[in-house]
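Please treat every number below as a calculation from the coordinates, not as lab data. It should be emphasised that the depicted structure is a prediction, and the values quoted were computed from it without experimental measurement. Methodologically, a virtual Cβ is constructed for each residue, glycine included, from the backbone with ideal geometry; neighbour enumeration extends over all protein chains shown.
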Amino acid sequence: MIQHYIKCIFFAIIVVLLQSSIEGIIVLFLTNLYVDSHIAQCIGLFLGLLGAILFLLFFQKEYIFSCLKLLKVNKTTAALFLFFFLLVAVSFAGMSVISAEVGILSHNNETVDINFYHLIIYSLLIGLNEEFIFRGIILGFIRRKAGNASAIVLSSLLFLCVHPYYSGIAPFITAFIVACIFAFLTIKYKSLVPSIGFHAGWDFSFMVVEKYYVTDSVVPVWGDLFEIPQIIFLSIIALSLYLYEKKIGSTQQV
């Protein structure tokens, strides 16, 4: 069993390094050509993922094609995509307003210039990129070796490794819970589309909040206090999904 985990971790490292290396080279190249940084980031994300997929096709052709099938869109997955995107956006708006009222956040008094078109495109590309890498390729690979529960936990822990810039333990707790939710949605609906919607909605909402608010409530070791409402929100979502799945399971047994 330990050998399976080591193999899964090694495979995950290769995939992440491959994608991030291609993305980094492309962004650096475009930036040196004086391409707008936002456009360079978007192109880098897309071509980084595409390059990783094309490279892996030479070694895991059938497996990568099975991962690509998870991107298939139908009425159910499209509805779930929109539902989770809007759910996160509305919830984040509520969390930010309440946090501002209790002093966790404060309004940004500077002039705010937001390109919502860019933020949506960038959020969608991040969602597509990270979901295909972690909940498509990596989660699926671990499931073959160690089963669903281990795959959810291990892929979520590996997801934390690509966010080393977090400050304090709170953001890691948030990222772990949301990664588990993404993995659960992928397994539940046999599709990456719902988790991409959730992920894109999360990143989009977070970037908007960062524009309109600033935080002065950072606690040593823990980190930003604004993580608390996020953790509560995600815990409610995770518990709701668990109870719903349990209810469906008991209904089917009857």
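Remark on the chain: hydrodynamic radius 19.4 angstrom, per the Kirkwood mean of 1/r across alpha carbon pairs.
For the stretch 1-141, the Kirkwood hydrodynamic radius from C-alpha pairs, put into Stokes-Einstein at 37 °C and a viscosity of 0.692 mPa s, yields a diffusion coefficient of 184 µm² per second.
Taking Cβ atoms as reference points and 14 Å as the exclusive limit, the residues near residue 108 contribute a net charge of -3, counting Lys and Arg as +1 and Asp and Glu as -1.
Beyond a 25 Å Cα-Cα separation, which of these cross-linked pairs lie in this structure: 145/188; 61/246; 69/188? Flagged as over cut-off: 61/246.
Report, in order of residue number, the helices in the chain meeting two criteria: a C-alpha extent of 27 Å or more along the helix axis, and a mean Kyte-Doolittle hydropathy of at least 1.0; treat each whole DSSP H run as one helix.
Helices meeting the criterion: 2-32, 37-57, 75-102, 170-189.
Modelled label positions at residue 102 and residue 169, each set 7 Å beyond Cα in the direction of Cβ, lie 2.0 nm from each other.
Here each label is just a point 7 Å from Cα along the line to Cβ, and for residue 190 and residue 149 those points are 2.4 nm apart.
For an R0 of 22 angstrom, estimate the FRET efficiency from the Cβ-Cβ distance between residue 87 and residue 162 and round to the nearest 0.05. Working from the Cβ atoms, E equals 0.35.
Exposure proxy ranking for 113, 216, based on other Cβ atoms within 10 angstrom of each Cβ and starting from the fewest, stands as 113, 216. Grouping the Cα pair distances of the stretch 112-243 into 5 Å bins from zero gives a pair-distance distribution of 2, 10, 18, 22, 21, 15, 8, 3, 1, 0 percent in increasing distance order. Each of 35, 102, 208 has some number of other Cβ atoms within 10 Å of its Cβ, and from fewest to most they run 102, 35, 208.
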